[in-house]
Amino acid sequence: MLMANGLVKRFRTRTGLTTAVDNITMSVAAGEVLAFLGPNGAGKTTTIKMVAGLIRPDRGQVVVHNMDVTGRPALAAARLGAVLEGSRNLYWRLTCLENLIYWGTLRRLSPSEARSRAVELLRLVDLEQCQHNTVQTLSRGMQQKLALCQALMHQPKLVLLDEPTLGLDLVSAQVIKAMVRRLAGDGVAILLTTHQMDVAQQLADRLAIIRSGKLMLTGKTAEVLARYSRPVWRIAVSHPLPADRLAAVRDLGWSIEQPTPADLLVTPPADDPTVIYRLLDVLRPQPIRLVQRHQADLAEVFRQVMAEGEALL
Amino acid sequence: MTSLLVAEWRRTVIDLVRYPLETVSMTVVMFAVFAGMFFGAHYLTAAPFGGVNLAGVVIGYTVWTLVMSAAGFMGSSIQNEAQNGTLEQVMLAPWLTVQIFLVRSLMDVVEMLIPILAVLAGLVLLSGAQLHWRPLALLPAMMTVVTAWGIGLMMAALALLFKRMSQMQMMLQFALLFVIMVPVAAMQGVVGAVLGLLAPLTVQVSVLHATLSVAVPGISANLWWEAAADMALWFGAGYWLLRAADTLARRRGIVGHY
Ligand SMILES: Nc1ncnc2c1ncn2[C@@H]1O[C@H](COP(=O)(O)OP(=O)(O)OP(=O)(O)O)[C@@H](O)[C@H]1O
Ligand SMILES: [Mg+2]
């Protein structure tokens, strides 16, 4: 649905040229959620705006729904919806319903189509009871939900979300996440940025991590997590293990770390999912509270990718 | 194009109804101004506008109001949208930026014309005054407003690139007043023709003036052509400049900056 090829953007600043985005290539398929991660100033917003046509790339192409929209912002706009970061996205003097109808008709819906679509969307995000309130009276979370509805009025096949859950409470964030899942289920391609790794981990089918405008890592979320998971098991026991048990474990060829006396991090000689039974046999009948294979979370992956990037410089 | 017109028209109506105080105060101002003209008209007919009747003064004032709106609206609108953070979303609509802001400016003109026409109708009924004017005057009136849109598009181009426009707007009013005062019609020969072609509004205003004068106007075909060419030049230049500014702003990544 979205293909971005070799996007480059340099900005003229007081100190000279800065390269905000440096040769980024990525794609998002229909029904797929791509989380675009990176530290502050990495170039996420710049990339999103290049896709949206608000920033014209110095080099590279943006193809949306098989149409090259590079440098043709009105064409790009007709094919996508976007919620931009730090931007209001809505008119404060209009009510929720009026806003949605306005943005819908601006995107070529008839007023009656826009109205029924608006009512449907407001119901989906739990805002129907506020539909006649002006936007200036809404809370941050309500505004963000409304901004999402606004971007969806014309049923775009590609949706760009720049930090959609920033500053939202758990319930509002949950509503936004549910909408993202629903859209993906309907075959919409979604590109989102976030600094909340748990949000990315819950939503993203694929990841792209950038740093200083360069793509550091892309891949399916599950595969990336698996790749960064180490074959380490954590065993928590109620009482410190007797020394002979520890020795028996070492005799099996396992290495042992003991962050605390009741906590073992053990690495087997071979990474085999059934290897743990041999360890448990040795430990029997010691009381065990927890057995867990190490599972990298996205925060850990992110830290590690950043550290690797640091090492490359 | 109709969906753009419909969208902006609905927004204008909502704004008029939601904030009636603004509409009412505008109507009151218009009423005061026009009442002054109607009941003090005999002063005006005597002197500085010599030969222009009440209808001429009324139309002249109305056109001046619309010119100010057409020349200033798009620039301040872009500045406001940038300040409020909605400009990016507007520029994400499937229209050219120049189309959207032209339509909005048109709506602003319509929004001003409604109270003006209402007040005028009221005053005519109230005072029993007769307005004598030739429908032909509408043509140069429209040409004047369209030329002012050319200036407005240029101001919009500047606003898109620099965003802060308040000082510029103040200067614009003086510049327009000055330009309109240039007595092109009186200038003969090459100098007059060249000046008329380059300076915005002067030719259109002198044609308007001629169609409004009490005496049967003798407007040369040349002056009409000049007015039309000047209008096309300014509007075309403005349109091109705003499109160029649109591209440049996107290139520099400053669409949403304020
Ligand atoms: N219009 C501009 N002019 C000059 N420099 C810019 C412009 N827009 C962005 N930059 C620079 O480009 C770099 C990337 O910025 P960008 O906003 O894309 O980062 P980001 O990944 O979205 O960061 P954050 O997580 O803070 O939102 C930054 O160094 C920023 O200062
Ligand atoms: Mg950003």
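The values are calculated or read from the model by the stated rules, or taken from the named source; none is laboratory data. Please read these numbers as outputs of a predicted model, since none were measured by experiment. Cβ: placed from backbone, ideal geometry, glycine included. Neighbour counts: every protein chain shown. For the accessible areas, the whole protein counts, side chains as well, though only heavy atoms, and no ligand, DNA or RNA atoms are used. Shrake-Rupley method; radii C 1.70, N 1.55, O 1.52, S 1.80 Å.
Structural remarks
- Those residues of the range A:175-207 which are hydrophobic (A, V, I, L, M, F, W, C), within 16 Å of ligand 2 (Cβ to nearest atom) and closer than 22 Å to A:Pro156 by Cα, in sequence order: A:Leu191, A:Leu192, A:Ala200
- Selection within the range B:16-31 - in contact (Cβ under 8 Å) with a residue 40 or more places away in the chain and within 14 Å of chain A (Cβ to nearest Cβ): B:Leu16, B:Thr23
- Flag for A:Arg123 being farther than 24 Å from A:Thr45 by Cβ, out of contact with any Leu (no Cβ under 9 Å at 6 or more places or on another chain) and outside any strand (DSSP E or B): yes
- A:Leu75, sole failed condition from (1) within 16 Å of ligand 1 (Cβ to nearest atom); (2) within 18 Å of B:Arg250 (Cβ to Cβ); (3) out of contact with any Ser or Thr (no Cβ under 7 Å at 6 or more places or on another chain): (1)
- Yes/no for A:Glu85 being within 13 Å of chain B (Cβ to nearest Cβ) and more than 24 Å from the chain's Cα centre (by Cα): no
- Scanning the range A:110-144 for residues that are crowded, with 20+ Cβ neighbours inside 10 Å and modelled with pLDDT of 95 or more returns A:Ala114, A:Ala118, A:Leu121, A:Leu122.
- Considering each residue of the range B:246-258 in turn, none proves to be within 26 Å of B:Tyr61 (Cβ to Cβ), open to solvent by 60 Å² or more (accessible area, probe 1.4 Å), not small (Gly, Ala, Ser) and not in a helix (DSSP H, G or I).
- Criterion applied to B:Asn53, B:Asn80 was being modelled with pLDDT of 85 or more, surrounded by fewer than 20 Cβ atoms within 10 Å (Cβ to Cβ) and polar (S, T, N, Q), and the one residue passing it is B:Asn80.
- Test: A:Ile24 is open to solvent by less than 10 Å² (accessible area, probe 1.4 Å), within 16 Å of ligand 1 (Cβ to nearest atom), more than 14 Å from every other protein chain (Cβ to nearest Cβ) and of a type in the set (Val, Ile, Thr): yes
- Some residue of the range A:73-91 being hydroxyl-bearing (Ser, Thr, Tyr) and free of Cβ contacts under 8 Å to residues at least 40 places away in the same chain: yes
- Selection from the range A:73-92 of residues that are outside any helix (DSSP H, G or I) and more than 16 Å from ligand 2 (Cβ to nearest atom): A:Leu80, A:Gly81, A:Leu90, A:Tyr91, A:Trp92
- A count restricted to the range A:29-69 and to residues that are over 20 Å from the mean Cα position of the chain (by Cα), open to solvent by 30 Å² or more (accessible area, probe 1.4 Å) and either within 13 Å of ligand 1 (Cβ to nearest atom) or under 18 Å from A:Gly213 (Cα atoms) (or both) stands at 4.
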